[in-house]
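Trainee: Before I ask anything, let me first share the structure, which is written out below as structure tokens.
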Amino acid sequence: MPTSQQSSQPTYGVHLLRDVMIPMRDGVRLATDIYVPCHGDGTVVDGKEKVPALLVRTSYDKTAPEWDDVFPYYVRRGYAFVIQDLRSRFRSEGDGSYFHTVNPWEGDDGFDTVEWLATQDWCTGKIGTLGSSHRAITQTQLALRKPPHLSAMWVEAGPTNIYRHEAREGGAMSFQMFGAIHLHALDCHEIGNDANKARLILDAMQNMGDWLNKFPIKPGETALKVAPSLEKTALDYYYRGDYDEWWNQECCNQEPYFNQHADVPMVIACGFYDNFVGASANYYIEMNQRNESPTSLILGAWCHGGMRATGSAHGDVDTGKESVWGNEIYNPERLAFFDQHLKGLPKRENESPVRLYVMGTGDGTKTKLGNLNHGGFWRDEAEWPIQRTQYQTLFMHEDGSLDSFESMEPDSSLTYTFDPDDPVPTIGGQLVGMFEIIPPEEGGFDTNNVPAFMDQWTHARNNLREVVAAGGWHQKEGPQWSNAKKPYKLLKERPDVLAFETDPLEDNVEVTGEVITKLWISSTAVDTDFTVKLIDVYPSSEDYPEGYHLNLVDTIRRARYRDSWTDPEFLTPGQPVEISIALWPTANVFKIGHRIRIDVSSSNFPRFDVNPNTGDEVGRHTKMVKAINTVHTSSKFASRVIIPIIPSED
């Protein structure tokens, strides 16, 4: 970690300017809470004693308790902390239209807010932005407008391409967004004070796992019908399989517009068990190449939003106390960044542009809390991707082995039946927003007693649980996993999962970066899916007699989009084709005695929607059929995986 230098000290009190209605260029006013420093006698900083401002633009209620131990930290140290409800959210004005993360006005609203803040008599004119997830998206959207007074950005765990990172992935729909949109429907202006409409949303959220089994859906069939803008968004996410002009909007995909991005100092942060880790890493690469201002990257072991967590368990995997930030580290880290770029205080010593947490150096025992002791350590790097990376190609073989030798067999392959009525269950992974409300019989609240408008989100948030738990888990079916069936098997024992693994490793092997698979596949279907998962296989031990098969990262590719997101092409049944599937980045040490494993299948439900194998228009199929899918492993059709290995310093 970098060495601390001079930093702002807590010498102020906190004064709140509640519900300041900031006007936008079209006359709509956005509700904003402004926490400004004050002195012991109650006087607020003014034109004689100006301070910089930190801005958060949120869809999740500016009064949410998540900020209770954040804004005082900065305000007491000489910053104004500003939290704003987005247009048509909570106390802000608007026409009621709100399209989840796809609102075309966010860039302009962000620009207008930054420039309004800069004119206030208490402000130095330097504005920094911060926030994660949707609050990260709104930062990028306003940065594309280049507000003159935007001076620094701390962007956490946000997608920059909704089609590739959030709503869809690899051509399949990410069902986690169906659940997330229901969360956004709570307290939405289109429902307002109508308790009956709100009850429909709450009831659906108590049965989210069941709803995910009811696809395909049609307009008017789900609870989202009471929130038309959000229903439209959910259906756009589901039906728009091809990348079209809707996906190419700046509010959907900021990547084609990065040439318009503000050139300001940035920190981009995410976790390896967060679905937006690939987006974050790519965002860093783009900004680092385009901008003259410094850009830094922090990649931890966290799940979505996990940099604020106080525990070291991410799912069932414990990455060690060193992986934990929480606000005790998180707030000072951000303070040092903003102190340097908004106040001109000295840069910390020994600060590297890239900090990453390399997982996997634990002893593999079970912790006192019952989690796998996977461990890890922080390391500084000069760049990303890491320049000293050595790429090793491992070939898949018919006997399930994975090694550096190409097959000599002229005709070898492995075939399985993909039954869309019996998909492979999701067991952990990079998940975001896969939530449901706890039913009253299990300690949740009774949805018949609908909370008042603008209190619904708070009640739901306090009674949420994951439909499918995120993070690292032993890859074995069990009653806690949606759609898992008895007898509960190791995933590798399922007949529709192909597992390719190395021999036990003779040395520690660090895999850091993007793993890329090159699969030669064929199918009896004109369209089907292929999933890829990277697994760290622990050997048998006293705590884990059958070993521990730890998922690190996974993804999917819909075959019709194997060569193009815009021009889908069906398979010719029985004809082998090559598909390239890149996994999101990871950083993990595979220890001596462990195995590196790649699982290949055709479903991962409910993380992704299930392909019906019919080739019908996306989301509009009327039947599902089985597909006989083949992965070829011959000398002519050599399926393989390209592993980024960091050489040992020994």
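Trainee: What are the pairs, 6+ residues apart or on separate chains, where a residue within the range 552-580 that is assigned by TED's automatic domain parsing to the domain that holds Glu617 and closer than 27 Å to Gln176 by Cβ has its Cβ under 7 Å from a residue that is assigned to a loop (DSSP other than H, G, I, E, B) and hydroxyl-bearing (Ser, Thr, Tyr)?
Mentor: Within 7 Å, the pairs are Ala559/Thr528; Trp565/Tyr243; Thr566/Tyr243.
Trainee: If you don't mind, another one. Of everything in the range 1-31, what is exposed (fewer than 14 other Cβ atoms within 10 Å of the Cβ), closer than 25 Å to Gln340 by Cβ and modelled with pLDDT of 95 or more? Give them in sequence order.
Mentor: Gln9, Pro10, Thr11, listed by residue number.
Trainee: I'd like the residue in the range 464-517 that is among the β-branched types (Val, Ile, Thr) and closer than 30 Å to His184 by Cβ and, out of all such residues, is surrounded by the most Cβ atoms within 10 Å (Cβ to Cβ). Give the derivation first.
Mentor: Of all residues in the range 464-517, those among the β-branched types (Val, Ile, Thr) come to 467-468, 497, 502, 509, 511-512, 515-517.
Narrowing further to those that are closer than 30 Å to His184 by Cβ: 467-468.
Numbers: Val467: 22, Val468: 26.
Restricting to residues being among the β-branched types (Val, Ile, Thr) and closer than 30 Å to His184 by Cβ, the top hit is Val468.
Trainee: I'd like to verify a number: residues in the range 1-22 that are assigned by TED's automatic domain parsing to the domain that holds Phe337 and under 32 Å from the mean Cα position of the chain (by Cα), how many?
Mentor: 5
Trainee: For the range 167-204, give me the residue count where each residue is surrounded by 24 or more Cβ atoms within 10 Å (Cβ to Cβ), in a loop (DSSP other than H, G, I, E, B) and on the phi < 0 side of the Ramachandran plot.
Mentor: 3
Trainee: Cβ contacts < 6 Å: first residue outside the structural domain of Ala279 (by TED's automatic domain parsing) and within 23 Å of Glu649 (Cα to Cα), restricted to the range 492-517; second residue outside any strand (DSSP E or B) and of a type outside the set (A, V, I, L, M, F, W, C), any location; separation 6+ or different chain. Result?
Mentor: Short answer, once both residue conditions are applied: Pro504/Gly593; Leu505/His594; Asn508/Lys591; Gly513/Pro385; Gly513/Thr389; Gly513/Pro585; Glu514/Pro585.
Trainee: For the range 132-166, give me each residue that is closer than 18 Å to Gly278 by Cα and in a strand (DSSP E or B).
Mentor: Once the filter is applied, which keeps residues that are closer than 18 Å to Gly278 by Cα and in a strand (DSSP E or B), the range 132-166 yields Ser132, Trp154, Val155, Glu156, Asn161.
Trainee: If you don't mind, there's one more thing I want to ask. Give me the residue from the range 32-66 that is basic (Lys, Arg) and part of a loop (DSSP other than H, G, I, E, B) and, out of that set, surrounded by the fewest Cβ atoms within 10 Å (Cβ to Cβ). First the steps, then the outcome.
Mentor: Our first condition is that a residue be basic (Lys, Arg); within the range 32-66, this holds for 48, 50, 57, 62.
Going one step further and asking which of them are part of a loop (DSSP other than H, G, I, E, B), we end up with 48, 50, 62.
Details: Lys48: 7, Lys50: 17, Lys62: 24.
Here the residue is Lys48.
Trainee: Still on this structure, I have one more. List the number of the failed condition for His474; all other conditions in (1) of a type outside the set (Phe, Trp, Tyr); (2) under 25 Å from the mean Cα position of the chain (by Cα); (3) assigned by TED's automatic domain parsing to the domain that holds Trp584 hold.
Mentor: (3)
Trainee: Given the criterion farther than 25 Å from Trp584 by Cα and not aromatic (Phe, Trp, Tyr), identify the matching residue among Asn613, Asn629.
Mentor: Values: Asn629 fails: farther than 25 Å from Trp584 by Cα.
The match here is Asn613.
Trainee: If a residue must be aliphatic (A, V, I, L, M) and either crowded, with 19+ Cβ neighbours inside 10 Å or in the same structural domain as Asn373 (by TED's automatic domain parsing) (or both), how many such residues does the range 439-463 contain?
Mentor: Number satisfying all stated conditions: 2.
Trainee: So which residues in the range 544-572 are exposed (fewer than 14 other Cβ atoms within 10 Å of the Cβ), of a type in the set (Ser, Thr, Tyr) and in contact with an Asp or Glu (Cβ under 8 Å, 6 or more places away or on another chain), if there are any at all?
Mentor: Hit for the range 544-572 is Thr566, nothing else.
Trainee: What number of residues within the range 256-274 are touching a strand residue (DSSP E or B) at 6+ places or on another chain (Cβ under 8 Å) and surrounded by fewer than 17 Cβ atoms within 10 Å (Cβ to Cβ)?
Mentor: 0
Trainee: OK, next. Being among the charged types (D, E, K, R) and crowded, with 24+ Cβ neighbours inside 10 Å is the filter here; which residues of the range 295-330 pass it?
Mentor: Selection gives Asp318 alone.
Trainee: Assuming Ser580 fulfils every condition listed in (1) assigned to a strand (DSSP E or B); (2) crowded, with 17+ Cβ neighbours inside 10 Å; (3) more than 19 Å from the chain's Cα centre (by Cα) apart from one, which condition is it?
Mentor: If we test Ser580 against (1) assigned to a strand (DSSP E or B); (2) crowded, with 17+ Cβ neighbours inside 10 Å; (3) more than 19 Å from the chain's Cα centre (by Cα), just (2) comes out false.
Trainee: Can you work out which of the residues in the range 385-412 that are aromatic (Phe, Trp, Tyr) and surrounded by fewer than 18 Cβ atoms within 10 Å (Cβ to Cβ) is nearest to Pro495 (Cα to Cα)? Even if it seems obvious, please write down each step before you answer.
Mentor: Restricting attention to the range 385-412, the residues satisfying the condition of being aromatic (Phe, Trp, Tyr) are 391, 395, 405.
When the remaining residues are screened for being surrounded by fewer than 18 Cβ atoms within 10 Å (Cβ to Cβ), the result is 391, 405.
Working: Tyr391: 31, Phe405: 26 Å.
Of everything passing the filter in the range 385-412, Phe405 is nearest to Pro495 (Cα to Cα).
Trainee: Right, next: Residues in the range 25-58 that are more than 15 Å from Thr129 (Cα to Cα), in contact with a Ser or Thr (Cβ under 6 Å, 6 or more places away or on another chain) and of a type in the set (A, V, I, L, M): how many?
Mentor: 2
Trainee: Considering every residue within the range 208-219, establish whether at least one is in contact with a Lys or Arg (Cβ under 8 Å, 6 or more places away or on another chain), surrounded by fewer than 22 Cβ atoms within 10 Å (Cβ to Cβ) and not assigned by TED's automatic domain parsing to the domain that holds Ala53. Can you show your working first?
Mentor: Of the residues in the range 208-219, the ones in contact with a Lys or Arg (Cβ under 8 Å, 6 or more places away or on another chain) are 216, 219.
From what is left, the residues that are surrounded by fewer than 22 Cβ atoms within 10 Å (Cβ to Cβ) are 216, 219.
Imposing the further condition that a residue be not assigned by TED's automatic domain parsing to the domain that holds Ala53 reduces the set to 216, 219.
Checking the range 208-219: at least one residue is in contact with a Lys or Arg (Cβ under 8 Å, 6 or more places away or on another chain), surrounded by fewer than 22 Cβ atoms within 10 Å (Cβ to Cβ) and not assigned by TED's automatic domain parsing to the domain that holds Ala53.
Trainee: Of the residues in the range 117-131, how many are surrounded by fewer than 24 Cβ atoms within 10 Å (Cβ to Cβ), touching a helix residue (DSSP H, G or I) at 6+ places or on another chain (Cβ under 7 Å) and over 30 Å from Tyr273 (Cα atoms)?
Mentor: Number satisfying all stated conditions: 3.
Trainee: Evaluate the following for Lys225: is it surrounded by fewer than 19 Cβ atoms within 10 Å (Cβ to Cβ), outside any loop (DSSP other than H, G, I, E, B) and not assigned by TED's automatic domain parsing to the domain that holds Asp567? Give the derivation first.
Mentor: On the way: surrounded by fewer than 19 Cβ atoms within 10 Å (Cβ to Cβ): yes; outside any loop (DSSP other than H, G, I, E, B): yes; not assigned by TED's automatic domain parsing to the domain that holds Asp567: yes.
So Lys225 passes the test.
Trainee: A follow-up question, please. Could you check how many residues of the range 487-525 are part of a loop (DSSP other than H, G, I, E, B), touching a Gly at 6+ places or on another chain (Cβ under 8 Å) and of a type outside the set (A, V, I, L, M)? Let's see the steps before the verdict.
Mentor: Narrowing the range 487-525 to residues part of a loop (DSSP other than H, G, I, E, B): 487-489, 494-497, 502-508, 514-515, 524-525.
If we keep only those that are touching a Gly at 6+ places or on another chain (Cβ under 8 Å) as well, we get 488, 504-505, 514, 524-525.
Retained after the next criterion (residues that are of a type outside the set (A, V, I, L, M)): 488, 504, 514, 524.
Counting residues in the range 487-525 that are part of a loop (DSSP other than H, G, I, E, B), touching a Gly at 6+ places or on another chain (Cβ under 8 Å) and of a type outside the set (A, V, I, L, M) gives 4.
Trainee: Here's a follow-up. With a cut-off of at least 3 residues that are within 27 Å of the chain's Cα centre (by Cα) and either of a type in the set (Val, Ile, Thr) or modelled with pLDDT under 95 (or both), name the strands (runs of 3 or more DSSP E) lying wholly within the range 380-465.
Mentor: Qualifying strands (runs of 3 or more DSSP E): 435-437.
The values are calculated or read from the model by the stated rules, or taken from the named source; none is laboratory data. Remember, predicted model here, so these are calculated numbers, not experimental data. We place every Cβ from the backbone using ideal geometry, glycine too, and count neighbours over all the protein chains shown.
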